[in-house]
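*Asks:* Before I ask anything, let me first share the structure, which is written out below as structure tokens.
The values are calculated or read from the model by the stated rules, or taken from the named source; none is laboratory data. Quantities reported herein were computed from a predicted structural model and do not represent experimental measurements. All Cβ positions, even for glycine, are placed from backbone atoms using ideal geometry, and neighbour counts span all protein chains on display. The area values use the complete protein model at the heavy-atom level, side chains included, leaving out ligands, DNA and RNA. Shrake-Rupley method; radii C 1.70, N 1.55, O 1.52, S 1.80 Å.
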Amino acid sequence: MTMIETADRIKSVEEYYFSRKLAEVRSLDTPELRVINLGIGSPDLMPSQNAIDGLIASAKEPSNHGYQNYKGIPQLRQAISDFYKKVYQTAINSENEILPLMGSKEGIMHICMAFVNEGDEVLIPDPGYPTYASVAKLTGAKIVTYEMKEELNWGIDVAALRKKDLSKVKIMWVNFPHMPTGRVASKNELKELVALARENNFLIVNDNPYSLILNDNPLSILSIEGAGDVALELNSLSKSHNMAGWRIGWVAGNKEYIDAVLRVKSNMDSGMFLGLQHAAVEALKNGDDWFQKQNSIYSKRQQAACRILDELGCKYSQKQSGLFVWAKAPDEIIDVEKWIDEILHGTKVFITPGFIFGETGRRFIRISLCATEEKLNEAHKRIKNFLASSMVSNLNTLYKKL
């Protein structure tokens, strides 16, 4: 009996890199020497106590365990609206311009399903989050990459985009603060992007989960004049509020666009658990002091990560936001992926190779700040010893040849 053939739509979509690679990383873990994973952006810090208390209190109510409204409870939408007013100085109607999601990642699929027809073009950043491309392939879109340019400090060359034929573009994905480069966009840059979308009549979607991490000037694309006609924004509590596993996010924007996404979402799930919604309401009340404490920890970790990069001879910008440090491998490294694997097997320290984020990332690596300062320092020690022993080994080999 022959196996049932899979759908054509998944033939061009590979298993997510981390899904495959982490199995290999886990296989190297031993009680004698644990693997230090500096690859994944899964926060290791705790959510706020009020969020946990909100979940527990809600879960104890017998009536809170049934199906929920697809649009989320009014209190959650209002809390998101209040959050946008406080953080981004942006007014969003809680009744019809916000749709809670089970993490913003599902929003990428919902938005594409709602707006993209087969053959439509989707603009995707290079380097950028791999899911943008994967979802575009699954929905039958044609991927058109735009380069985030190192010489522009990883900015977008809008002038170059204007020279292209954008008539078939349906969606442009942007992500500021940018992952993996840590680039923060200025208000003027966002204005240029909104203008580009308006000129070419496509939807621009800003994926915005990192704006409160090591960033003094959080921005929403929805704060830009005219953005309501052409823009949506994804956001979540995963990174900024240490709630990645809770799967709480949202999409915000024009009522008509939100209604279109809701038509997809309402056929895909049965609403978010009420306890999670109550917890999210509490998390969104976190004060400035809570975020300052988080950023103080991340700042120290960033310094520790930079010491690792210095040891490796990498080049990097001191001004990076978000949960990662992006760096360029030394010129003498020919194959960065192979180099990273040698480090992994020689030190049991896993660092992400930049190629997974696109062709422009092939000369780069990324270190996650979702590890304690102690683990980062231990990783630095292991790498320093590994490099020293490799140098001795290379000298011995050269001596024998002579």
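*Asks:* Could you give each residue of region 45-62 its phi-based ³J(HN,Hα) in whole Hz, using Karplus coefficients 6.51, -1.76, 1.60 with θ = phi - 60°, and x for Gly or Pro?
*Replies:* Per-residue couplings from phi come out as 7, 7, x, 5, 4, 5, 5, 5, 4, x, 5, 4, 4, 5, 5, 7, 7, x Hz.
*Asks:* Can you say what percent of the DSSP beta bridges in the chain, counting only those with both residues inside, are antiparallel? Round to 5.
*Replies:* Bridges in the chain are about 50 percent antiparallel.
*Asks:* What is the distance in Å between the Cα centres of region 1-76 and region 249-293?
*Replies:* 17 Å
*Asks:* Moving on to the next point. Can you match volume of the Cα convex hull per residue in Å³ to one of these, (i) 156; (ii) 191; (iii) 126, based on a calculation from the structure here?
*Replies:* Read-out from the structure maps to (ii).
*Asks:* Which FRET efficiency value, to the nearest 0.05, do you get for residue 75 and residue 267 by plugging their Cβ-Cβ distance into 1/(1 + (r/R0)^6) with R0 = 25 Å?
*Replies:* That pair, residue 75 with residue 267, gives E of 0.50.
*Asks:* List the trypsin sites (Lys or Arg not before Pro) within region 37-141 that fall in a DSSP loop (any state other than H, G, I, E or B) and whose Cβ has at most 12 other Cβ atoms within 10 Å.
*Replies:* Listed in order of number, the matching sites are 60.
*Asks:* For Cα pairs less than 8 Å apart in space and 6+ apart in sequence, what is the mean separation divided by the residue count of the chain, i.e. the relative contact order in percent?
*Replies:* 24 percent
*Asks:* Report the gain in length on full extension from residue 42 to residue 373: 0.36 nm times residue separation, minus Cα-Cα distance, nm rounded to one decimal.
*Replies:* Once the chain is fully extended between residue 42 and residue 373, it gains 117.6 nm.
*Asks:* Which chymotrypsin sites (Phe, Trp or Tyr not before Pro) from region 1-105 combine a DSSP loop assignment with at most 11 other Cβ atoms within 10 Å?
*Replies:* Here the chymotrypsin sites (Phe, Trp or Tyr not before Pro) that fit, given the DSSP loop and packing criteria, are 67.
*Asks:* Here's a follow-up. Starting from the residue with the highest accessible area, list 12, 299 in decreasing order, probe 1.4 Å.
*Replies:* 12, 299
*Asks:* Further, regarding this structure: Which whole-Hz ³J(HN,Hα) couplings does region 321-332 yield from phi under the Karplus relation 6.51 cos²θ - 1.76 cosθ + 1.60, θ = phi - 60°, glycine and proline marked x?
*Replies:* 9, x, 9, 9, 10, 9, 8, 8, 5, x, 4, 6
*Asks:* Could you check the simple spin-label distance between residue 143 and residue 168, using points 7 Å along Cα→Cβ, in nm with one decimal?
*Replies:* 1.6 nm
*Asks:* I've got another one for you. Place a +1 charge on the Cβ of each Lys and Arg in region 114-244 and a -1 charge on the Cβ of each Asp and Glu, then give the dipole magnitude about the Cα centre in debye, rounded to the nearest 20.
*Replies:* Using only the charged Cβ atoms, the result is roughly 120 debye.
*Asks:* Output the 0 to 90 degree angle, nearest 10, between the alpha-carbon long axis of helix 17-27 and the longest principal axis computed from the alpha carbons of the chain.
*Replies:* With both axes taken from Cα atoms, the answer is about 50 degrees.
*Asks:* Residue by residue through region 94-103, which ³J(HN,Hα) values in whole Hz follow from phi under the Karplus form 6.51 cos²θ - 1.76 cosθ + 1.60 (θ = phi - 60°), with glycine and proline marked x?
*Replies:* With the stated coefficients, region 94-103 comes to 5, 6, 9, 10, 9, 10, x, 10, 7, x Hz.
*Asks:* Mind checking which of 62, 31, 47 has the largest fluctuation in a GNM of the chain, springs on alpha carbons under 10 Å?
*Replies:* Of the options given, 31 has the highest mean-square fluctuation.
*Asks:* If I build a Gaussian network model for the chain, linking alpha-carbon pairs within less than 10 angstrom, which residue out of 106, 332, 118 has the largest mean-square fluctuation?
*Replies:* In this elastic network of the chain, the residue with the biggest mean-square fluctuation among 106, 332, 118 is 332.
*Asks:* For region 94-250, what is the relative contact order in percent, using Cα pairs closer than 8 Å and at least 6 residues apart in sequence?
*Replies:* Here the relative contact order equals 25 percent.
*Asks:* Oh, and also: With respect to the cross-link table entries 60/85; 21/348; 348/375; 300/381, which display a Cα-Cα separation exceeding 20 Å?
*Replies:* 60/85
*Asks:* Please give the FRET efficiency for residue 27 paired with residue 82, using the beta carbon to beta carbon distance and R0 = 45 Å, rounded to the nearest 0.05.
*Replies:* After rounding, the FRET efficiency stands at 0.45.
*Asks:* Need one number: % antiparallel among DSSP beta bridges in region 132-244, to the nearest 5.
*Replies:* If we restrict to bridges inside region 132-244, about 20 percent are antiparallel.
*Asks:* Okay, next question. If we count every other residue with Cβ under 13 angstrom of residue 310's Cβ, Lys/Arg +1 and Asp/Glu -1, where does the sum land?
*Replies:* Net charge in that neighbourhood comes out at +3.
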